[in-house]
Amino acid sequence: MAFSTSTAKPLSELYYHLVKSPESYHYWSKNIFAISFLPKPPTDIEGSKTFIGVIPAIEAQEGAQEPGLNDFKANDKFLNLMHDTIQRALRDGADEAIQAEATQRGSGWLHIHDERNVPALGRIGDPDDIVASVMVENGKILSETYQRMPSYRLFTADGPPKLSPGLAHKLEEALLKEHRREGGE
C-alpha cells in the first residue's frame, strides 16, 4: 500500500502501533506502543526514524495506572530527522508564514514555534514549544544558523508536535521517504 502526501492537513493523525519491546526496553514493558504520524508501523523499532516515541503497553490490571505523559520516551532519531527537515525547509523557503515573519522581522533571531501552543502576538513562547531559532538578516533566513532548542519537548500536556503547514508537509515527505528507505511499503 502506498502512502499519500495529498492530505489537507499533513501530520494531523497519530497512530499507536503495538510492537514487541526491544531488549533495551524489556525492563520497562514487554510490549510498547510506537507513536507515529504514519499509519504503518516502523520496520525496526530500534533503528527507525519514523516514530515520535514510545509508551509502555500495560495490560489492564486492577489498581494499575495507565501510561501517561511521564512514561513517554522520545525517539532521538525522529527528533534529528525533524530538525534536519525543518532546517532544509527553511533554506528552501518552504513555509510562507515563516518567510513572511522573517521579512517583517528584518534582522535578529527568529524562533520556530511548535503550533500546539502558539504564544500571544509579540511574545516568546514556552521553551518546551520552541523548536529552534534561526538568524534573519535583511528579511532573509540564514538557515545555516539554525540552532535547536535543547528544552523543546516532542510531547507536552498540549499534545504531540504540531508544525506549521509548510514544515509539516516537508516532515511528512521526509517520514514517508525514510519509511520506504527502512524497507516499509
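The values are calculated or read from the model by the stated rules, or taken from the named source; none is laboratory data. In this text, all values refer to a predicted model and were calculated from it rather than measured experimentally. Every residue, glycine among them, receives a Cβ derived from its backbone with ideal geometry; neighbour counts consider all protein chains shown. For accessibility, only protein heavy atoms count, side chains too; no ligands or nucleic acids. Shrake-Rupley method; radii C 1.70, N 1.55, O 1.52, S 1.80 Å.
Key figures
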item	result
The range 123-185, relative contact order in percent, only Cα pairs under 8 angstrom and at least six apart counted	24 percent
Top of N31, N80, N138 by mean-square fluctuation, Gaussian network on the chain, Cα under 10 Å	N138
Most mobile of S24, S48, S164 in a GNM of the chain (Cα contacts under 10 Å)	S24
Heavy atoms of W109: accessible area, 1.4 Å probe, square angstrom to 10	110 Å²
Portion, in percent, of the accessible area of the chain that falls on carbon or sulfur, probe 1.4 Å	48 percent
Distance between the range 103-140 and the range 64-86 - C-alpha centres, whole angstrom	22 Å
log10 of Debye I(q)/I(0), alpha-carbon scatterers only, for the range 106-185 at 0.11, 0.17, 0.22 Å⁻¹	-0.36, -0.79, -1.11
³J(HN,Hα) computed for each position of the range 139-152 - Karplus, 6.51 cos²θ - 1.76 cosθ + 1.60, integer Hz, glycine/proline x	x, 10, 6, 9, 4, 5, 8, 3, 10, 5, 8, x, 8, 4
Residue with peak Gaussian network fluctuation, the chain [Cα springs, cutoff 10 Å], from Y25, Y146, Y15	Y25
Cα-based helix-to-principal-axis angle, 96-105 vs the chain, degrees rounded to 10	40 degrees
Additional length obtainable on full extension of the chain from L14 to E173, 0.36 nm per residue less Cα span	55.7 nm
Loop-located trypsin sites (Lys or Arg not before Pro) in the range 91-174 whose Cβ has at most 12 other Cβ within 10 Å (DSSP)	R123
